[in-house]
1. Looking at region 67-97, which of its residues are touching a Gly at 6+ places or on another chain (Cβ under 7 Å), farther than 13 Å from Ser234 by Cα and of a type in the set (A, V, I, L, M)?
2. Six or more apart or on different chains, Cβ atoms under 9 Å: show the pairs whose first residue is in region 252-269 and free of Cβ contacts under 8 Å to residues at least 12 places away in the same chain and within 15 Å of Leu202 (Cα to Cα) and whose second is among the hydrophobic types (A, V, I, L, M, F, W, C) and surrounded by fewer than 21 Cβ atoms within 10 Å (Cβ to Cβ).
3. Being out of contact with any helix residue (DSSP H, G or I) (no Cβ under 7 Å at 6 or more places or on another chain), of a type outside the set (Ser, Thr, Tyr) and at pLDDT 80 or above is the requirement here; does Val161 meet it?
4. Write out, first by first residue and then by second, each pair whose Cβ atoms fall under 7 Å of each other, whose residues are 6+ apart or on separate chains, and whose first residue, in region 156-178, is more than 20 Å from Val31 (Cβ to Cβ) while the second is modelled with pLDDT under 85.
5. Given the conditions (1) in contact with a Lys or Arg (Cβ under 8 Å, 6 or more places away or on another chain); (2) buried (at least 23 other Cβ atoms within 10 Å of the Cβ); (3) of a type in the set (S, T, N, Q), and given that Ser248 satisfies all but one, which numbered condition is not satisfied?
6. So which residues in region 88-101 are buried (at least 24 other Cβ atoms within 10 Å of the Cβ) and assigned to a helix (DSSP H, G or I)?
7. Would you mind stating whether Gly269 is closer than 26 Å to Cys38 by Cβ, among the small types (Gly, Ala, Ser) and touching a His at 6+ places or on another chain (Cβ under 9 Å)?
8. Given region 175-259, what helices (runs of 4 or more DSSP H) lie entirely inside it while holding 1 or more residues that are within 19 Å of the chain's Cα centre (by Cα), more than 19 Å from Ala88 (Cβ to Cβ) and among the β-branched types (Val, Ile, Thr)?
Amino acid sequence: MTTESIIRLLTIGALSGLLLGVGLRLTIHQVLDSLRRCRLALIVVVNFVVVPALAVTAAWAFGLSRGISIGMVLLAAAPFAPVVPVFARMARADLALAAGLTTLFPFLSAFLTPWVCQLALRAVPDAGAVRFSAGGVLLTLLGTVTLPLALGITVNRLAPVLGRRALRPVEIFSECIGAVSLAFVTITEFRSVLAIGWAPLLAMTVVSEVSLLLGWAMGGPERGARRVVGLGTSNRNIALALLVAIQSFAGTPVLSAVVANGLLLISLGLLHVALWRFGPQPRLAA
């Protein structure tokens, strides 16, 4: 089994378990009500248009190499990481909104991400073409994101006692698999990640923090919703970006760039979660 296959299996296992746990905490009415109250059209436009444009601009401004620039674009074109509901729960944010948006974006990504990648990569010299199977990616995202969420919500509706009993074991198991997955990716790509240097990481940090501010501004008057949209806009779908990188740019520095920047985004997301949960009230609060 190849390294890429192991990474994919660990990622799928971790995400499925984490999102099953999120679903066990929610009802379908909570999710739908949160989606109705958010600025959905604006959130979609910013995530699929503005953030990729920011990534292209940052790559050009920092003079990054072709492989690293492509990796940044792939991440920027893959919005709303499936870990956002987990981050939302840790940050005491609007969990129902996080689940609703995380359920919706896989459908949109399966069709919009390849188109956004093709357009954005035109600004990267000699980037090449993106090979992307919309059907395969849609099935992968449905299986790892939408189905576990739906299953958890269904169990919570039909068998709430079973759901409460299963919640903690599911969360512990999925968090352990997630830790193993992150450690495996870090170890296998450690040398390549170190070779990237500080400039690409600084560029991605700028993109992430600007995206967080944009998401916060779109979140509306409630702090919990602002935290969700901010986290979702700044944390990209690393699994989807890795899938595109493996399909289209295997054997190139693109995979290492996705891994390095993906680890950076996770770290920044955890930092914001910690600040919101344990620190003083943020100055951005309404």
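The values are calculated or read from the model by the stated rules, or taken from the named source; none is laboratory data. On a predicted model such as this, the values are computed, not experimentally measured, just so you know. Glycine gets a Cβ as well: all are built from the backbone with ideal geometry, and neighbour counts include every protein chain shown.
1. Of everything in region 67-97, just one residue is touching a Gly at 6+ places or on another chain (Cβ under 7 Å), farther than 13 Å from Ser234 by Cα and of a type in the set (A, V, I, L, M), namely Ala93.
2. Between residues of region 252-269 that are free of Cβ contacts under 8 Å to residues at least 12 places away in the same chain and within 15 Å of Leu202 (Cα to Cα) and residues that are among the hydrophobic types (A, V, I, L, M, F, W, C) and surrounded by fewer than 21 Cβ atoms within 10 Å (Cβ to Cβ), there is no close pair.
3. Here the answer is yes, as Val161 does meet what is asked.
4. Phe173/Gly17; Ile177/Leu10; Ile177/Gly13; Ile177/Ala14; Ile177/Gly17; Gly178/Ala14; Gly178/Leu18
5. So the condition that Ser248 fails would be (2).
6. Ala88, Ala96, Leu97, Ala98, Ala99, Gly100, Leu101
7. Taking the combined requirement at face value, the residue does not satisfy it.
8. Qualifying helices (runs of 4 or more DSSP H): 198-218, 238-248.
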